[in-house]
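Engineer: Provided herewith is a single structure, encoded as structure tokens, for subsequent inquiry.
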Amino acid sequence: MAIRGGYQPHILRVDMSNQTVTREALPREEVLRKYVGGIGLALWYLLREAPPVGKNTDPDVPLIFMNGPLTGTPAVNSSDVTIVSYHQVTPYSAAVGHTHGFWAARLAHAGHQGIIFTGRAEKPAYLWIDDDKVEFRDASQIWGEDTRETERRIKIELGDDKEVSVACIGPAGESMIAGAMIKNDRNHGAGKGSLGSTMGAKNLKAIAVRGTGKVDLFDAPGLVETATEWEQELFPGSENPNDRTVAEAMRDAGNTRHYHQTFGAHKRVIGKNMTDPDWGADFATKYVEACKKWKITPQPSYNCKISCAYDVEITEGEYQGFTGSKCGGGEPLEGSGSIMGVDDPVAVVVMNDVYDSLGIEMGQYAPMLGATFEAYSEGLLHQQDTGGLDFSWGKWESAMEVINQAVNREGFGAKFVDGPKVWVEKVGAEKGITDELRNKILDMKGGGAVMHDHRAAWSAWFCEMTAGYGASTQGRGTDTFLRRDLGYDEVTPGIATNVEEAVSKVEGVYRTQNMKLFWDSLGICTFGVMGVPSAIRFTTTALGRTVGWDDFDEKEAFEVGARVANMLRLVYARRGFKREDELDVSPRFLEITRTGPASEEGIAPYLPAMLDEYYSHHGWNQETGTPTADTLTRLGLEEFSADAA
């Protein structure tokens, strides 16, 4: 095809076993228009090439990094790369992670659309991409180093601290434990699905990139015009927290100012393993108040207008001078603190840095810690069970120790290496408390949870439960943020009181999920679009002006999102998913809360009807949750018809 803009001409195929790199031309334009890029194109390769039966750590299971056509362009927040493989602890699922910073843009500027890794190197290696030059380098000297030191030492070796980006794993990825993530550019990382374990299994320590080129644009002035208009809607300047776009709430390290307004005030902070929403609200207030005293430095991504990530320097007390490098979301605060009853903001900053330096995503790891603290507080676990560690609420030093044990697969921490569901079985069997622990763990489909308490925001929670790649924020529904981009001019009530109200939430789930999947195919950050009134017009216009698809419209955008949703389900179908797996969630999620709008009504009675409605919207078989042949044909996915219900 004659590429008119947006796309670089090839992907890199990297065979770790044979230490070879080949350049493969992108598929024809018809394929690109179907799947666009990012998650869509990565899943197309995964479905065509990955062995249907296999583990994420098998050499022949690919690890795919894929940019979108807007990555590295003037489009707003054009910093996203999607990383795809198989999920480590949700065995029937794909693993999908997104990360920002500068790594993806530099890969695009080096002239490459994506990278597909297979095989396993005989000894630790890292890949150095310097524009069109690609080479393997020995990583033996940095194997065992944490993510911070790995990035620092590679930049020293390459002699460039400014223009090189490093994506790497820490000891967690090397040890291949559940929840291992891929970190890059210090403040950023792809966590969901244990992608760091897949990287570690290939003996791949890091990928360093420097790109000095550019992304060609079909209509550069037109794209800049669209981006300028788009930026004007990002920050409407509302004084009412309920009217803010996500970008406005997160702008310039927004969580350091707005975390209580956004989550605490609505009782959405995980307080003491979801046992005390009021305590969680107080936690949010304490963190915001502490940040007023500390030095906060927002950290951007490529062409980022929000700068939600930040460095926080503690300016007083025992840890004065300590600087933590945080991503912008609220999950790290809850996974590093409130879930364990830790209300000391200093401890939260330190613990978060422990997670990130070791390369552990707290959404899969923190649920095991939260359940440990709760079980200890109730006398179900004692110090003789925990190797002498005190897990009274708030004892964050014990949590830090057991994390270090886990990456070394030793002591009590060795029970934490296979994810929440296996943790329940290992710890519960020894004490005869398996049922009690199952009632305490926060777990969806074996893969942990999103680190917010959405029991009083049913559409957000239903989005997480039905996400096509394990527990994750695949769409948010309409109960937590304004979605004017999709025609929802008000935040909807978080709970329902009858089956009709509950089922009515499903359409918002379906629409927000599909739009999220389209945006994840473009190479942009979802914070730059959620709630922006004209977001769909901006993104489809930006795509058209970048690539040359002048007629790409909202209808086609939804079709791309639906196509990606169906591809995720095709992975499910190949790998043994059953409808009952959809409801494989721990009981804690189905409880009513002690306070707030969900104190008298839980979602459990309505889930079967909501699931029927959800499958109907997608055109999936009601008994299996698998796409039908008619649905695949309608979406142009006939090549995968053998996997239809």
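The values are calculated or read from the model by the stated rules, or taken from the named source; none is laboratory data. Fair warning: this is a prediction, and the values are worked out from it, not measured in the lab. Please note: Cβ atoms are built from the backbone with ideal geometry, for glycine as well, and neighbour counts cover all protein chains shown. We work out accessible area using only protein heavy atoms, side chains counted, and drop any ligands, DNA or RNA first. Shrake-Rupley method; radii C 1.70, N 1.55, O 1.52, S 1.80 Å.
Engineer: How much of M362 can a 1.4 Å solvent probe reach, expressed as accessible area in Å² and rounded to 10?
Structural biologist: Here the accessible area works out near 10 Å².
Engineer: Here are labelled values, (i) 1.00; (ii) 0.94; (iii) 1.10, and one is the computed Rg/Rh (Cα atoms, Kirkwood Rh) for what I pasted. Which one?
Structural biologist: Step by step, Rg/Rh (Cα atoms, Kirkwood Rh) for this structure corresponds to label (ii).
Engineer: How much solvent-accessible surface does D385 expose, in Å² to the nearest 10, with a 1.4 Å probe and all protein chains in place?
Structural biologist: Answer for D385: close to 40 Å² accessible.
Engineer: Largest first, how would H260, H618 line up by accessible area (1.4 Å probe)? Working shown, then result.
Structural biologist: On the way: H260 60, H618 5 Å².
Result, largest first: H260, H618.
Engineer: Put +1 on the Cβ of each Lys and Arg and -1 on the Cβ of each Asp and Glu in the stretch 185-318; which of N240, M250, V269 then has its Cα farthest toward the positive end of the dipole?
Structural biologist: V269
Engineer: Measuring with a 1.4 Å probe in the full set of protein chains, what accessible area per residue, in whole Å², belongs to the stretch 494-629? Walk me through the intermediate numbers first.
Structural biologist: Values: 4520 Å² over 136 residues.
Roughly 33 Å² per residue, with all protein chains present.
Engineer: On to the next question. Longest span of the chain, sites excluded, free of GluC sites (Glu not before Pro) in DSSP loop with at most 13 other C-beta atoms within 10 Å? Each step should come with its number before you reach the end.
Structural biologist: Numbers: sites that count: E122, E239, E316, E318, E378, E410, E490, E600, E623.
After excluding every exposed loop site, the longest remaining stretch is 1-121.
Engineer: In debye to the nearest 20, how big a dipole does the chain give about its Cα centre with +1 on each Lys and Arg Cβ and -1 on each Asp and Glu Cβ? Don't jump to the answer; show the numbers that get you there.
Structural biologist: Numbers: 65 positive and 92 negative charges, 194 e Å.
Taking the Cα centre of the chain as origin, the dipole is about 940 debye.
Engineer: Output the relative contact order of the stretch 369-414, whole-number percent, from Cα pairs under 8 angstrom with separation of 6+ residues.
Structural biologist: Numbers: 40 pairs, mean separation 12.4, N = 46.
Relative contact order here is 27 percent.
Engineer: Any chance you could check the Cα centroid distance between the stretch 358-412 and the stretch 108-140 for me, in angstrom?
Structural biologist: Going from one Cα centre to the other spans 36 Å.
Engineer: Suppose every Lys and Arg Cβ carries +1 and every Asp and Glu Cβ carries -1, with no other charges. What dipole size does the stretch 345-433 come out with about its Cα centre, to the nearest 20 debye? Could the numbers behind the result be given before it?
Structural biologist: Numbers: 6 positive and 13 negative charges, 37 e Å.
In debye, rounded to 20, the stretch 345-433 gives about 180.
Engineer: Could you tell me, in Å, what Rg and Dmax come out for the Cα atoms of the stretch 306-420?
Structural biologist: According to the Cα coordinates of the stretch 306-420, Rg and Dmax are 14.1, 48 Å.
Engineer: Whole Å is fine, so just give me how far the alpha carbon centre of the stretch 200-226 lies from that of the stretch 274-352.
Structural biologist: A separation of 30 Å, based on Cα centres.
Engineer: Mean Kyte-Doolittle hydropathy of -0.5 or higher plus an axial Cα length of 24 Å or more: which whole DSSP H helices in the chain meet both? Provide the component values of the computation, followed by the final result.
Structural biologist: Working: long enough: 277-293 (25 Å, -0.72); 506-522 (25 Å, -0.34); 554-574 (30 Å, -0.05).
The qualifying helices are 506-522, 554-574.
Engineer: In square angstrom, rounded to the nearest 10, how much accessible surface does W143 have for a 1.4 Å probe?
Structural biologist: Only protein atoms counted, so the area is about 80 Å².
Engineer: What's the carbon and sulfur percent of the stretch 1-115's accessible surface, probe 1.4 angstrom, rounded to a whole number? Present the calculation step by step, with values, prior to reporting the outcome.
Structural biologist: On the way: 1600 of 3100 Å².
Roughly 52 percent of what the probe reaches on the stretch 1-115 is carbon or sulfur.
Engineer: Would you calculate a helix-derived [θ] at 222 nm for the chain, using -39,500 (n - 2.57) for each DSSP H run of n ≥ 4 and dividing by the full residue count, to the nearest 500?
Structural biologist: Values: 24 runs with 247 residues, N = 645.
One gets -11500 deg cm²/dmol as the mean residue ellipticity at 222 nm.
Engineer: At 7 Å along Cα-to-Cβ for each site, give me the label-to-label distance between E49 and N408 in nm.
Structural biologist: Here the answer is 3.8 nm between the modelled labels.
Engineer: Counting only protein heavy atoms and a 1.4 Å probe, tell me what percentage of the stretch 244-329's accessible area is made up of carbon and sulfur.
Structural biologist: Working: 1450 of 3230 Å².
Answer for the stretch 244-329 is 45 percent, counting heavy atoms of protein chains only.
Engineer: Also, I was wondering about something else. Return the distance in nm (one decimal) between the two label points of a simple spin-label model at Q232 and D216, each offset 7 Å from Cα along Cα→Cβ.
Structural biologist: According to this spin-label approximation, the distance is 3.2 nm.
Engineer: Starting from the Cα of E430, move 7 Å in the Cα-to-Cβ direction to define the label point; list residues of the stretch 379-398 whose amide nitrogen is under 18 Å from there.
Structural biologist: Under cut-off, by backbone N: 379-392, 398.
Engineer: Something else: What residue among M368, S165, A75 has its Cα farthest toward the positive end of the dipole of the chain, where the charges are +1 on Lys, Arg and -1 on Asp, Glu, each on the Cβ?
Structural biologist: Farthest along the dipole direction, towards plus: S165.
Engineer: Just the accessible area per residue of the stretch 1-114, please: how many Å² with a 1.4 Å probe?
Structural biologist: Values: 3100 Å² over 114 residues.
For the stretch 1-114, the per-residue accessible area is 27 Å².
Engineer: Hey, if you put +1 on the Cβ of every Lys and Arg and -1 on every Asp and Glu Cβ in the stretch 321-383, which of C327, G341, L381 ends up farthest toward the positive end of that dipole?
Structural biologist: C327
Engineer: Order Y572, Y510 by their accessible area, 1.4 angstrom probe, all chains in place, largest first.
Structural biologist: Numbers: Y572 0, Y510 50 Å².
If we order Y572, Y510 from most to least accessible, we get Y510, Y572.
Engineer: Now for a separate question. Measure up K292/K395; K55/K123; K440/K505; K205/K395; K155/K326; K286/K326 against 23 Å on the Cα-Cα distance and list the ones that go over.
Structural biologist: Working: K292/K395 25 Å; K55/K123 21 Å; K440/K505 27 Å; K205/K395 32 Å; K155/K326 20 Å; K286/K326 17 Å.
Exceeds cut-off: K292/K395; K440/K505; K205/K395.
Engineer: Only Lys, Arg, Asp and Glu count, each charged at its Cβ (+1, +1, -1, -1), so figure out the dipole size of the stretch 100-160 about its Cα centre, rounded to 20 debye. Mind dumping the intermediate values first?
Structural biologist: Working: 9 positive and 12 negative charges, 27 e Å.
Here the size comes out at about 120 debye.
Engineer: Among Y615, Y606, what's the order by accessible area (1.4 angstrom probe), most exposed first? Walk me through the numbers before you get to the answer.
Structural biologist: Details: Y615 0, Y606 25 Å².
Final ranking, largest accessible area leading: Y606, Y615.
Engineer: Expressed as a whole percentage, what fraction of the accessible surface of the stretch 501-557 belongs to carbon and sulfur atoms when a 1.4 Å probe is rolled over the protein heavy atoms?
Structural biologist: Numbers: 670 of 1470 Å².
Of the solvent-accessible surface of the stretch 501-557, carbon and sulfur hold 45 percent.
Engineer: If you take the beta carbon distance between S377 and D581 as r and set R0 to 41 Å, what does 1/(1 + (r/R0)^6) give as a FRET efficiency, to the nearest 0.05? Don't skip to the answer; put the middle values down first.
Structural biologist: Values: r = 31 Å, r/R0 = 0.77.
So the FRET efficiency works out to roughly 0.85.
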